[in-house]
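Visitor: Got a structure for you, written out below as structure tokens; questions coming shortly.
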Amino acid sequence: MRQGPCGHGRLHELGNACYAWVAHEAGWGYSNAGLIVGESSSLLVDTLFDLNLTAAMLAEMASVTRDSPISTVVNTHANGDHYFGNQLLGHAEIIASVNAAAHMSQSDVESLRADLQAPGVHGDNVRRLFGGFDFDGITITPPTRTFEGEIRLDIGGVEVHCITVGPAHTDGDIIVYVPSARTVYAGDLLFIGATPVAWAGPISGWVKACDRILDLDVETVVPGHGPVTDKAGVQETQAYLAYVERAATECFNQGRPFEEAVAGIPLGRFGVWSEPGRLVQNVANVYQHLDPAFPRLSHIDVMKRMGDFEADFVPEES
Ligand SMILES: [Zn+2]
């Protein structure tokens with residue numbers, strides 16, 4: 001394990017050409033990344049939420065990429081904490097799924113900057129979650145190559161598979177699989193120690209995406225947030241998703257209002273994960289998929305409801 005001076009994360013050597021950049025915390029915006037180092041070139045899985053974080057990570061990686069510079073970046077999906085740092089790799093080929101690329105735009109950064117300046121409760125919520133990041137100077141640098149299905153890359157002699165598995169967490173999720181290392185980079189299909197959040201769904205699609213990972217010959221699984229795990233981590237995330245989908249569907253079928261469903265679904269052992277309030281978005285997602293007329297909650301509304309949920313939340317004794 002490498003222990004660098006960067007205060008945000010640490011580069012872990014996983015073996016067989018694979019590394020994981022693991023943030024010190026699993027919460028909002030503090031994302032992981034991956035590095036696959038071949039003979040003469042390397043592949044970076046995801047950039048980070050701002051330029052300072054991404055630059056610090058690249059500086060930590062420099063000792064292992066000196067003879068194998070990063071030639072390829074793969075963005076696992078279109079949330080800013082996985083691609084806002086792309087411009088620092090402007091010389092590289094940048095790969096994402098067609099659907100992820102369609103969601104990347106300069107307005108993502110601008111709306112976040114505006115939200116940080118917003119008055120009142122919404123501004124306070126955004127500042128509480130994202131006030132520690134610096135979004136100045138970010139010019140969205142979109143993918144130079146997009147794909148659907150699966151592509152195989154040769155990164156300095158290391159075979160790398162990029163596989164679309166969305167929509168799940170977002171519209172365009174992909175996983176990055178290195179068969180020779182029995183390692184997969186799962187992006188935000190996996191939050192370890194933090195609650196998953198379904199922005200796109202349907203959640204049943206995410207459950208299937210977990211099966212896709214479980215079907216791979218892997219022993220090391222790098223999540224988008226939280227510590228490196230294995231198939232047990234995938235199974236636990238899948239168990240939460242299947243549970244919430246089942247419980248929310250039951251509430252919907254009983255005609256219970258959305259608010260009542262959120263308040264009435266016990267989190268049990270999953271309640272020890274950080275950000276339990278993401279249940280709000282997950283239940284809303286189930287209701288939206290069951291009833292196309294169910295109104296989409298605005299970003300502002302979701303943030304407020306998550307904050308309210310967490311202010312009152314007490315994990316159960318297990
Ligand atoms: Zn993320």
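The values are calculated or read from the model by the stated rules, or taken from the named source; none is laboratory data. The structure displayed is predicted, hence computed values, not measured ones. Note that each Cβ is placed from the backbone with ideal geometry, even for glycine, and that neighbours are counted across all protein chains shown. When the accessible area is computed, the model is the full protein with side chains, heavy atoms only, and any ligands, DNA or RNA have been set aside. Shrake-Rupley method; radii C 1.70, N 1.55, O 1.52, S 1.80 Å.
Visitor: Quick one: in the range 167-180, of everything that is open to solvent by 10 Å² or more (accessible area, probe 1.4 Å) and more than 17 Å from the chain's Cα centre (by Cα), which residue is nearest to Gln281 (Cα to Cα)?
Guide: Here the answer is Pro179.
Visitor: Shifting gears a bit: Residue under question is Glu275, and the condition is that it be over 17 Å from Ile203 (Cβ atoms), surrounded by 13 or more Cβ atoms within 10 Å (Cβ to Cβ) and within 21 Å of the chain's Cα centre (by Cα); does it hold?
Guide: no
Visitor: Search the range 245-259 for residues being more than 26 Å from Arg128 (Cα to Cα) and among the charged types (D, E, K, R), and hand back the single one that is surrounded by the most Cβ atoms within 10 Å (Cβ to Cβ).
Guide: Glu245
Visitor: Please determine, by comparing only the residues of the range 214-231 that are in a loop (DSSP other than H, G, I, E, B) and in contact (Cβ under 8 Å) with a residue 24 or more places away in the chain, which one is nearest to Phe270 (Cα to Cα). Let's see the steps before the verdict.
Guide: Within the range 214-231, the subset in a loop (DSSP other than H, G, I, E, B) is 215-219, 226-228, 230.
Now narrow it down to the ones that are in contact (Cβ under 8 Å) with a residue 24 or more places away in the chain: 216-219, 226-228.
Numbers: Leu216: 25, Asp217: 27, Val218: 25, Glu219: 23, Gly226: 15, Pro227: 16, Val228: 18 Å.
Out of the qualifying residues, it is Gly226.
Visitor: How many residues does the range 278-318 hold that are closer than 19 Å to Leu241 by Cα and within 20 Å of the chain's Cα centre (by Cα)?
Guide: The number of residues fulfilling the criteria is 11.
Visitor: Going by the structure shown, is Asp211 assigned to a loop (DSSP other than H, G, I, E, B) and over 11 Å from the mean Cα position of the chain (by Cα)?
Guide: No; evaluated as a whole, the condition is false for this residue.
Visitor: A further question on this structure: For the range 69-93, which residues satisfy the criterion of being under 18 Å from Leu11 (Cα atoms), away from the ligand (no atom under 16 Å from the Cβ) and surrounded by 20 or more Cβ atoms within 10 Å (Cβ to Cβ)?
Guide: If the condition is that a residue be under 18 Å from Leu11 (Cα atoms), away from the ligand (no atom under 16 Å from the Cβ) and surrounded by 20 or more Cβ atoms within 10 Å (Cβ to Cβ), then Ile70 is the only one that fits.
Visitor: Kindly provide the set of residues from the range 93-122 that are in a loop (DSSP other than H, G, I, E, B) and closer than 30 Å to Leu153 by Cα, ordered by number.
Guide: Taking the range 93-122 first, the residues in a loop (DSSP other than H, G, I, E, B) are 103-105, 118-119.
Answer for the range 93-122, where residues must be in a loop (DSSP other than H, G, I, E, B) and closer than 30 Å to Leu153 by Cα: His103, Met104, Ser105.
Visitor: Another one. Does Leu14 meet the test of being within 24 Å of Ile192 (Cβ to Cβ), open to solvent by 10 Å² or more (accessible area, probe 1.4 Å), among the aliphatic types (A, V, I, L, M) and away from the ligand (no atom under 16 Å from the Cβ)?
Guide: yes
Visitor: Additional query: May I ask you to verify whether Ala261 is farther than 18 Å from Thr237 by Cα and touching a Leu at 6+ places or on another chain (Cβ under 7 Å)?
Guide: Against the criterion (farther than 18 Å from Thr237 by Cα and touching a Leu at 6+ places or on another chain (Cβ under 7 Å)), Ala261 does not qualify.
Visitor: Moving on. Applying the selection to the range 18-59, what residues are assigned to a loop (DSSP other than H, G, I, E, B), modelled with pLDDT of 95 or more and in contact with a helix residue (DSSP H, G or I) (Cβ under 6 Å, 6 or more places away or on another chain)?
Guide: Once the filter is applied, which keeps residues that are assigned to a loop (DSSP other than H, G, I, E, B), modelled with pLDDT of 95 or more and in contact with a helix residue (DSSP H, G or I) (Cβ under 6 Å, 6 or more places away or on another chain), the range 18-59 yields Ser31, Asp46, Thr47, Leu48, Phe49.
Visitor: Assess whether Met61 counts as being in contact with a Cys (Cβ under 8 Å, 6 or more places away or on another chain) and either of a type in the set (Ser, Thr, Tyr) or open to solvent by less than 20 Å² (accessible area, probe 1.4 Å) (or both). Full working, then the answer.
Guide: On the way: in contact with a Cys (Cβ under 8 Å, 6 or more places away or on another chain): no; either of a type in the set (Ser, Thr, Tyr) or open to solvent by less than 20 Å² (accessible area, probe 1.4 Å) (or both): yes.
So Met61 does not fit the description; no.
Visitor: Hey, among Ala101, Ala114, which residue is in contact with a Pro (Cβ under 8 Å, 6 or more places away or on another chain) and away from the ligand (no atom under 16 Å from the Cβ)?
Guide: The match here is Ala101.
Visitor: If you don't mind, another one. Modelled with pLDDT under 90, open to solvent by 40 Å² or more (accessible area, probe 1.4 Å) and charged (D, E, K, R) - does that describe any residue in the range 283-291? Please lay out each step first, then the result.
Guide: First, the residues of the range 283-291 that are modelled with pLDDT under 90: none.
So far as the range 283-291 goes, no, none of its residues is modelled with pLDDT under 90, open to solvent by 40 Å² or more (accessible area, probe 1.4 Å) and charged (D, E, K, R).
Visitor: In the set Val262, Val280, Val234, which member is open to solvent by less than 30 Å² (accessible area, probe 1.4 Å), in contact with a strand residue (DSSP E or B) (Cβ under 7 Å, 6 or more places away or on another chain) and part of a helix (DSSP H, G or I)? Give the steps one after another, and end with the answer.
Guide: Numbers: Val262 fails: in contact with a strand residue (DSSP E or B) (Cβ under 7 Å, 6 or more places away or on another chain); Val280 fails: in contact with a strand residue (DSSP E or B) (Cβ under 7 Å, 6 or more places away or on another chain).
Testing whether each residue is open to solvent by less than 30 Å² (accessible area, probe 1.4 Å), in contact with a strand residue (DSSP E or B) (Cβ under 7 Å, 6 or more places away or on another chain) and part of a helix (DSSP H, G or I) leaves just Val234.
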